[in-house]
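Accompanying notes for the structure given below.
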Amino acid sequence: MKLTLKVWRQKNTQSYGRLETYKISNISPDMSFLEMMDVLNEELIRKGEEPVAFDHDCREGVCGMCSMYINGRAHGPKSGTTNCICEALKMGTLS
Amino acid sequence: MKLDAKIPSGSISEKWSKHKFNLKLVNPANKRKFEIIVVGSGLAGASAAATLAELGYKVKCFCFQDSPRRAHSIAAQGGINAAKNYPNDGDSVYRLFYDTIKGGDYRAREANVHRLAEVSVNIIDQCVAQGVPFAREYGGHLDNRSFGGAQVSRTFYSRGMTGQQLLLGAYSALSRQIGLGNVQMFSRTEMLDVVLVEGQTRGIITRNLVTGAIERHAAHAVCLATGGYGNVFYLSTNARGSNVTATWRAHKKGALFGNPCFTQIHPTCIPVSGDHQSKLTLMSESLRNDGRVWVPKTKGDNRRPEDIPEAERDYYLERIYPSFGNLVPRDVASRKAKEMCDAGRGVGASGLAVFLDFGEAINRLGEKAVKQKYGNLFDMYQQITGENPYKTPMRIYPAVHYTMGGLWVDYNLMTTIPGLYALGEANFSDHGANRLGASALMQGLADGYFVIPYTIGDYLASSNLPIVKTDHPAFVEAENQVKDRIHKLLSIKGKLTVNEIHRQLGKIMWDYCGMARSAEGLTHARKLIQDLKQDFWTNVNVPGSDADLNQALEHAGRLADFLELGELMVVDALERNESCGGHFRTEYQTPENEALRDDDNYCYVAAWEYQGDNQPEVLHKEALVFENVKLTQRSYK
């Protein structure tokens, strides 16, 4: 899969933020949204850029630490669950 | 150094009550003069912090997550053991004690394990009083189910989310104390060192993960409840943030590390799907109450499981272990799954999986009843794999799950540094070489609610603890060391990412120090880890600065500690020339391929003492004395 991500980047509370566009390829439908972000971060570090900071911990939808706001919705498209950004992309995380 | 476990005298069933009476007390008015630091807010940390504050001590509690309720105890699924004998099926405190000693393959301390079994019954009462919604039977009594290594049903549960419910109970108790001002809570804060003054633990150094500020905190005693170190394998069922840093820094300050090579590989996890994988998800052991494990009888049979007739399936656990069947302990179940896959009978695309089949249970109980018991686990499986386990068997494979090793502690849970305690998975104490299912929650809560509140008072009442402020030179020195290390990590600016190196470490540990170990492999692994450590310190690239949120820096600091721990695990595994529980040395096995212990030479706790950077650690042995349980070849046949 190839994806275009628009990610809100903001250094800290004293700086202005902006939406940054990233194109990533070689994304497997078995990856979770968080694993896709890992791939992006590895690329950014290799290019000498700062990786995207995001909260996550258990990565199985239980702890509630992950807090990404995806396509206008907290945690992504499914309501009432923290699980959808931990599950495989092929399960419709982005739909 | 002479290790003194401080095991009380007397018969096994009287030790704890007598000991509690003999412990010195701190009078209520004096308790508020003592400050106690608790690092970690999972079941052990939250229960300890809440209880110590309730007693009147001034408590500071720390966690790296945004809230104490995120701690990884929350992900525990199947349940918590207690010797209540509600089903009247023959359970007792003694039987829980016996099962735990045997399950741990006779490498745990009798006195600690008996105490654990004794207080297990109090834990259930405590949690029910807090409102934890344990599953109940139709008549209203608390329900029990079975877990591995036991022939009675003694596991209390809340569907497949028992850890979450227990943690919410402990978190509520903690929150109440935070609200009352008795606990000061520091979230998004990581402990980076302990501070010793005149040989006593007098505080910690922390980093505020949002602002990067390095801070000093003084106290009269410190409790580490920081969990296990399964993430040394990179892939594990642990949360991504789980790490060894707090206990490893304590180790480098003088706390001995017990049985580092004793790690638990859990038999039923969702198999790895590719190189991108960042963590592994557990499918609770409770599923083995109704799920049947099998592989095709013929090598390379890649028909769909529904198309393989009964006669061509090998329910190998039921075949090899008729009396325990699918509920053999975890180490045994994992090893057999590996044997099946090594013999070419594994299933799925990678061949590294076995089936866990609910077909029979669904026919017997109906889909609705199965859903009631395991619904959330089935949903989780479907979300991750895209397959429906009501229609087709789950595919599962072993994964790193828990570490029995940890900081060496005496009967009072104190490490070899006065005033420094280790609770829950962070200590080595109760599970020997293999932990039984549903015993981690029990131990975490036993340590926090029922052990440390008694034992810490004895230390505070009997020690000379002069006033120490955070401007003491020991704090200044510890803070400078922490800062130097952070600057070093940021200054390397090499070519490798932290994640890449962590993956490599994980692969070395899994290949050579995982389910099967050999002297040759371990020796090779040691060299590989040393080289990788060299690579890390010369060629890692940690971007960003130390003055704000920097997750790569956090990860780098934790990985640096995992690299050192990994080498010690390999050394420990190499030194233990026997197989026991989860430690399986291929050179030492019975004719039936079971773990072959050597009680004459290895019936001890290996406690390692740090000697300085790149120096070999020194081994101390605590002999294990069995006065109640007879050592036998563990059999589940």
query: In percent, what relative contact order does chain B have, based on Cα pairs under 8 Å that are 6 or more apart in sequence?
result: 20
task: Give a residue-ordered list of calculated ³J(HN,Hα) values for region B:193-201 (Karplus: 6.51 cos²θ - 1.76 cosθ + 1.60, θ = phi - 60°; whole Hz; x for Gly, Pro).
output: 6, 9, 10, 10, 10, 6, x, 9, 6
task: Evaluate the charge dipole of the protein assembly as shown about its Cα centre and quote only its size in Debye, nearest 20, assuming +1 on the Cβ of each Lys and Arg and -1 on the Cβ of each Asp and Glu.
output: 1260
field: chain B: antiparallel DSSP beta bridges as a percent of all, rounded to 5
entry: 70
task: Indicate the gyration tensor shape class of region B:140-181 (rounded, prolate or oblate), computed on the Cα atoms with a ≥ b ≥ c the square roots of the eigenvalues: a/c under 1.5 is rounded; otherwise a/b larger than b/c is prolate and the rest oblate.
output: prolate
- prompt: Rounded, prolate or oblate: which fits region B:444-485, taking a ≥ b ≥ c as square roots of the Cα gyration tensor eigenvalues, rounded meaning a/c under 1.5, else prolate when a/b beats b/c?
  reply: oblate
message: Under 17 Å from a point placed 7 Å out from the Cα of B:Ser172 along the Cα-to-Cβ direction: which residues of region B:58-93 have their backbone N that close?
response: B:68-70, B:74
- request: Can you grab the distance from the C-alpha centre of region B:14-72 to the C-alpha centre of region A:62-76, Å, no decimals?
  value: 33
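Calculated FRET efficiency, B:Gln481 and B:Asp307, Cβ-Cβ r, R0 51 Å, to nearest 0.05?
That pair, B:Gln481 with B:Asp307, gives E of 0.25.
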message: Using the Karplus curve 6.51 cos²θ - 1.76 cosθ + 1.60 with θ = phi - 60°, what ³J(HN,Hα) values do you get for each residue of region A:67-77, in whole Hz, with x for Gly and Pro?
response: 9, 6, 9, 10, 6, x, 10, 4, 6, x, x
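Which value, in debye to the nearest 20, gives the size of the charge dipole of region A:28-90 about its Cα centre, when Lys and Arg are +1 and Asp and Glu are -1 at the Cβ?
280
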message: To test your reading of the geometry: what angle, between 0 and 90 degrees and rounded to tens, separates the Cα axis of helix A:33-46 from the longest principal axis of chain A?
response: 20
- request: Would you calculate a helix-derived [θ] at 222 nm for the protein assembly as shown, using -39,500 (n - 2.57) for each DSSP H run of n ≥ 4 and dividing by the full residue count, to the nearest 500?
  value: -10500 deg cm²/dmol
message: In square angstrom and rounded to 100, what buried accessible area do you get between chains B and A, total over both, with the probe at 1.4 Å?
response: 2700
- line: Taking alpha-carbon centroids only, region B:227-263 lies from region B:469-506 a number of Å equal to 17
statement: With R₀ set to 25 angstrom, the calculated FRET efficiency between the beta-carbons of B:Lys18 and B:Lys630, to the nearest 0.05, is 0.55
- prompt: Ranked highest first by the average count of other Cβ atoms within 10 Å around their residues, in what order do B:563-570, B:133-140, B:528-535, B:68-75 fall?
  reply: B:68-75, B:563-570, B:528-535, B:133-140
- prompt: Taking every DSSP beta bridge that has both residues in the protein assembly as shown, what percent is antiparallel when rounded to the nearest 5?
  reply: 75
- prompt: Mind listing the Cα extents of chain B along all three principal axes, in Å, largest one first?
  reply: 74, 60, 48
statement: Per its Cα gyration tensor (rounded if a/c is under 1.5, else prolate when a/b beats b/c, else oblate), the protein assembly as shown is best filed as rounded
field: Cα centroid of region B:298-347 to Cα centroid of region A:8-26, whole Å
entry: 49
task: Rank A:Pro77, A:Cys66, A:Leu44 by how far each Cα sits towards the positive end of the charge dipole of region A:28-90 (+1 on Lys, Arg Cβ; -1 on Asp, Glu Cβ) and give me just the farthest.
output: A:Pro77
statement: Quick calc, chain B, dipole around Cα centre from Cβ unit charges on Lys, Arg (+) and Asp, Glu (-), nearest 20 debye, gives 1000
- request: Would you mind checking which residues have amide H under 5 Å from B:Gly203's amide H? H placed 1.01 Å from N; only 5 or more apart, or other chain.
  value: B:Val195, B:Ala219
- line: Expressed as a whole number, the average count of other chain Cβ atoms within 10 Å around the Cβ atoms of B:382-388 is 5
message: 5 Å is the cut-off here: which amide hydrogens, built 1.01 Å from N in the peptide plane, fall below it relative to B:Tyr604, excluding neighbours closer than 5 in sequence?
response: B:Leu624
query: Amide H neighbours of B:Ala213 under 5 Å, counting only residues 5+ apart in sequence or on other chains, H built in-plane at 1.01 Å?
result: B:Asn208
- request: Count, for each residue of A:47-58, the Cβ atoms from other chains sitting within 10 Å of its Cβ, then give me the mean as a whole number.
  value: 5
- line: Packing-ranked peptide list from A:20-33, B:186-199, B:54-67, highest mean Cβ count within 10 angstrom first, is B:54-67, B:186-199, A:20-33
- request: Determine the shielding of peptide B:236-245 by partner chains: average, over its residues, the number of Cβ atoms on other chains within 10 angstrom of each Cβ.
  value: 3
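The values are calculated or read from the model by the stated rules, or taken from the named source; none is laboratory data. Remember, predicted model here, so these are calculated numbers, not experimental data. We place every Cβ from the backbone using ideal geometry, glycine too, and count neighbours over all the protein chains shown. What goes into the accessible areas is simple: the full protein's heavy atoms, side chains included, and nothing from ligands, DNA or RNA. Shrake-Rupley method; radii C 1.70, N 1.55, O 1.52, S 1.80 Å.
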